[in-house]
Each structure stands twice: as C-alpha cells, then as structure tokens.
Amino acid sequence: MKSSLIFLSILLMYQTKSQEVNSTPYKIMLNTLLSHSVPEVSVPEIDSPEKITWLDARAKEEYEVSRIEDAIWVGYDDFSMDRVEGISKDANIVIYCSIGYRSEKISEKLISAGYTNVSNLFGGIFEWKNEGRKLYDASHGETNKIHGYSKIWGIWLNKGEKVY
C-alpha cells in the first residue's frame, strides 16, 4: 500500500509539474529530484529570438569539456555572487548544470539577490544535447563531447560522447 502511494504521488507530481523532455523516466526523475522553486524553461522553449545570458553551474572540469555557446561559468560548490557582478539584474538569465539540480540552487541565490528574470533549464545540458543542440569546447569550436558527471548520472545522456 505504501509503495502504491509513493508511486501515485510521483505520478501526480509528474502530471502537474511536467516540462518538456523526451524521456518519460527522465522526466519523472527530474520532477522528483527538483523542488521546482524557480521558473523553469524547457529546451524547446529556447527557440525564442530573445537574448539569453547563459550561466553554467557545473564544476569547472565539466565546463571545460563543453558548454552551451557563450555560457559564463559560475560554478556550484564554490559559487560566488562576484561571478555575476557585471550582469544586469533584469537580464534574461538561463542557468544550467547537468540535469538541473545545481542550477536550481544557484537560481534561488540569484533571485534572492534581486535578479528578476532567472530560469532553470529543465533537464540541463543533458537534455540540451539529447535534443540535438550544439555544444562548444573551450576554444569555441563545436564538439560532440559532454561531461557525464558520473557513470550513474550519465545514463540520462543519450547523445554525444560521454567524458568522465
């Protein structure tokens, strides 16, 4: 009975807070793991002509392998508001990490600091790559490599060459 209630809770959360990702198990995992405390944007919603300031909330080693074009590294474990000092508080900011957990936490900090247009990329850079979007390396060249964070989390990455 208890396991049925847990499953039903997860299913209801999945139905009420769903964002666009292609994999149902991935979507369920994300909706369970994330607190949904900040605005979220899905990969398909990114096709707007509006200027986006991309912030990468992964470890520096992950960022060095590949990133979304023009993303600014802000980190997670050692995040400091100094890293966003030159960004306007009303800029259109989208923050990402591997799947969205770390970026959600950094989004909360930015919103608390007065940033008014902050969104978390639902599904993170993994969903970005799974949707066939381009990634760039440290020298701004297109790359197929993507840091899988760990072999456990890398299972959610279906496209690209995983690097650990």
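The values are calculated or read from the model by the stated rules, or taken from the named source; none is laboratory data. What you see is a predicted model, and the numbers here were worked out from it, not measured in a lab. Ideal geometry is used to build each Cβ from the backbone, glycine not excepted, and the neighbour counts take in all protein chains shown. The accessibility values were calculated without ligands, DNA or RNA, using every heavy atom of the protein model including side chains. Shrake-Rupley method; radii C 1.70, N 1.55, O 1.52, S 1.80 Å.
Of all strands (runs of 3 or more DSSP E) completely enclosed by the stretch 64-160, which ones contain at least 2 residues that are over 13 Å from the mean Cα position of the chain (by Cα)?
Values: elements: 93-96, 118-121, 145-147.
Result: 145-147.
Scanning the stretch 58-84 for residues that are open to solvent by 70 Å² or more (accessible area, probe 1.4 Å) and under 20 Å from GLY132 (Cβ atoms) returns GLU69, ASP70.
Whether any residue in the stretch 103-121 is acidic (Asp, Glu), under 30 Å from ASN158 (Cα atoms) and touching a helix residue (DSSP H, G or I) at 6+ places or on another chain (Cβ under 6 Å) is what I want to check.
Keep residues of the stretch 103-121 that are acidic (Asp, Glu), which gives 104, 108.
Now drop any that are not under 30 Å from ASN158 (Cα atoms), which leaves 104, 108.
When the remaining residues are screened for being touching a helix residue (DSSP H, G or I) at 6+ places or on another chain (Cβ under 6 Å), the result is none.
No.
Taking the criterion of being exposed (fewer than 12 other Cβ atoms within 10 Å of the Cβ) and among the hydrophobic types (A, V, I, L, M, F, W, C), the residues of the stretch 112-164 that qualify are ALA113, ALA138, ILE152. Just so you know, in the stretch 85-105 the residues that are closer than 19 Å to ILE125 by Cβ and among the hydrophobic types (A, V, I, L, M, F, W, C) include one that is surrounded by the most Cβ atoms within 10 Å (Cβ to Cβ), and it is ILE95.
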